[in-house]
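Reviewing the structure listed below.
The values are calculated or read from the model by the stated rules, or taken from the named source; none is laboratory data. All of these numbers come straight from a predicted model, not from anything done at the bench. Don't worry about glycine lacking a Cβ; one is built from the backbone with ideal geometry, like all the others, and counts go over all protein chains shown.
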Amino acid sequence: MTSETTTLPTSEQILRAPKVLLHDHLDGGLRPATVVELARENGYEGLPETDPEKLGIWFREAADSGSLERYLETFAHTCAVMQTRDALARVAAECAEDLAADGVVYAEVRYAPEQHLEQGLTLEEVVEAVNEGFREGERRARENGHRIRVGALLTAMRHAARALEIAELANRYRDTGVVGFDIAGAEAGYPPTRHLDAFEYLKRENNHFTIHAGEAFGLPSIWQALQWCGADRLGHGVRIIDDIEVADDGSVKLGRLASYVRDKRIPLEMCPTSNLQTGAAPSYAEHPIGLLRRLQFRLTVNTDNRLMSGTNMSREFEHLVKTFRYTLDDMQWFTVNAMKSAFIPFDERLAMINDVIKPGYAELRAEWLFRPQGATAPVNRSSDSV
Ligand SMILES: O=c1[nH]cnc2c1ncn2[C@@H]1O[C@H](CO)[C@@H](O)[C@H]1O
Ligand SMILES: [Zn+2]
């Protein structure tokens, strides 16, 4: 056997492997203890629990509702404690630190500035506080021996009517920490075309955007996001599976939209655990990621909301490794896909792939050669069928 990387990665290797995260909500990733402290400091009395451990469990259980609308109700509590400059900067700094400690080397973290104006901040002050926090978190991570780069995506809420204003904000800060735009919130009843003016504006500015589509609503939402709005990437996009037929003999037929998504290499931001909670997928084993990976769609793995899902990038990969027997090669494939799909300039993406991601995986692959004498041989996926 060669070092052909058919070994199933261990938890420790998954943690150390360089990872790239494109879909993570700032207001969905707070540390439970931070929510409790900020609530106390700001006099917010609406928390359902004040013990951090119990509060973490409450978020996971409340989000585990089987419906996107109910899942989204939990964000009222996190947004309530993110209304001051200090709170926003703290949450952003801790986000960067937590991602770096989880082995994430590049992240695009999104939030909706319009949800942080309740105590008088302006949209600009919100963006500047979050940017400041990300820079501080990157600095602290570096002190702890981790390297991470974090870019912000500004989200507009799809039920509201501020998308153009938020798109303009994203454009204004494009050279200072904001790498793109997104729309989020309840999908059914709020098609992306409601915000066409924002997307057309960003296209005219040669700027980038992703759209939450194909999560709680199916193909029409994906079709609009791509063919009317011109999205560069799809947030979730799992329902593209509805345009793929698998026959009893295992042969696969792609419809026009699924073919378009695959042919044009449209990146899909998969968030497996979140999908299980909102009912977008029934189980890890039945999650469309298995088939879509075999069909070589441009897939990426993401967390969506670390607090509500009790997850992080390593845990998402652990589930996938366990369920689909993914190897380090698969992990590298997802990670390179994500880096290729990031919104930073091409030369910087390439440098991350060549100088950080590939060497990181090569080092992990080489390690089993130097394993202690007597250690068991790595599991070889290709030998399973022999
Ligand atoms: O999976 C999701 N689908 C749609 N909207 C979401 C999802 N996760 C979070 N948000 C929404 O995005 C806002 C800004 O970060 C959050 O406040 C939440 O309402
Ligand atoms: Zn999301």
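Data overview
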read-out	value
Flag if S314 is more than 16 Å from ligand 2 (Cβ to nearest atom), of a type in the set (S, T, N, Q) and in contact (Cβ under 8 Å) with a residue 60 or more places away in the chain	yes
Exclusive hit being part of a strand (DSSP E or B) and more than 23 Å from T278 (Cβ to Cβ), set V105, V36	V105
The range 286-316, residues that are within 16 Å of ligand 1 (Cβ to nearest atom), buried (at least 22 other Cβ atoms within 10 Å of the Cβ), in a loop (DSSP other than H, G, I, E, B) and not hydroxyl-bearing (S, T, Y)	H287, P288, N302, N305, N312
Strands (runs of 3 or more DSSP E) fully within the range 203-283 counting 1 or more residues that are buried (at least 24 other Cβ atoms within 10 Å of the Cβ)	210-213, 233-236, 268-270
Evaluation of T50 against (1) more than 16 Å from ligand 2 (Cβ to nearest atom); (2) among the β-branched types (V, I, T); (3) part of a helix (DSSP H, G or I) (one fails), failing number	(3)
Conditions (1) more than 19 Å from T155 (Cβ to Cβ); (2) within 16 Å of ligand 2 (Cβ to nearest atom); (3) surrounded by fewer than 21 Cβ atoms within 10 Å (Cβ to Cβ): number failed by C79	(1)
Inter-residue pairs, beta-carbon under 7 Å, first on the phi > 0 side of the Ramachandran plot and in the range 100-124, second assigned to a loop (DSSP other than H, G, I, E, B) and away from ligand 2 (no atom under 16 Å from the Cβ), 6+ apart	G103/A17; G103/P18
Residues (among the β-branched types (V, I, T) and either part of a helix (DSSP H, G or I) or within 26 Å of H146 (Cα to Cα) (or both)) located in the range 57-101	I57, T78, V91
The range 150-166, residues that are under 22 Å from the mean Cα position of the chain (by Cα) and free of Cβ contacts under 8 Å to residues at least 40 places away in the same chain	H159, A163
Odd one out for P191 among (1) surrounded by 18 or more Cβ atoms within 10 Å (Cβ to Cβ); (2) modelled with pLDDT of 95 or more; (3) out of contact with any Lys or Arg (no Cβ under 6 Å at 6 or more places or on another chain); (4) not acidic (D, E)	(2)
So A216, is it touching a residue at least 60 places away in the same chain (Cβ under 8 Å), aliphatic (A, V, I, L, M) and within 16 Å of ligand 1 (Cβ to nearest atom)	yes
The range 160-187, subset in contact with a Lys or Arg (Cβ under 9 Å, 6 or more places away or on another chain) and over 19 Å from L22 (Cβ atoms), residue surrounded by the most Cβ atoms within 10 Å (Cβ to Cβ)	A163
Check on A198, modelled with pLDDT under 95 and either of a type in the set (A, V, I, L, M, F, W, C) or closer than 28 Å to G28 by Cα (or both)	no
Single match in V179, V238 (criterion: touching a residue at least 24 places away in the same chain (Cβ under 8 Å) and closer than 20 Å to Q296 by Cα)	V238
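Quick grid of which residues meet (1) more than 18 Å from the chain's Cα centre (by Cα); (2) closer than 19 Å to T7 by Cβ:
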| site | (1), (2) |
| --- | --- |
| E286 | yes, no |
| N305 | no, no |
| H319 | no, yes |
| W333 | no, yes |
| M339 | no, no |
| E348 | yes, no |
| A362 | yes, yes |
| L369 | yes, yes |
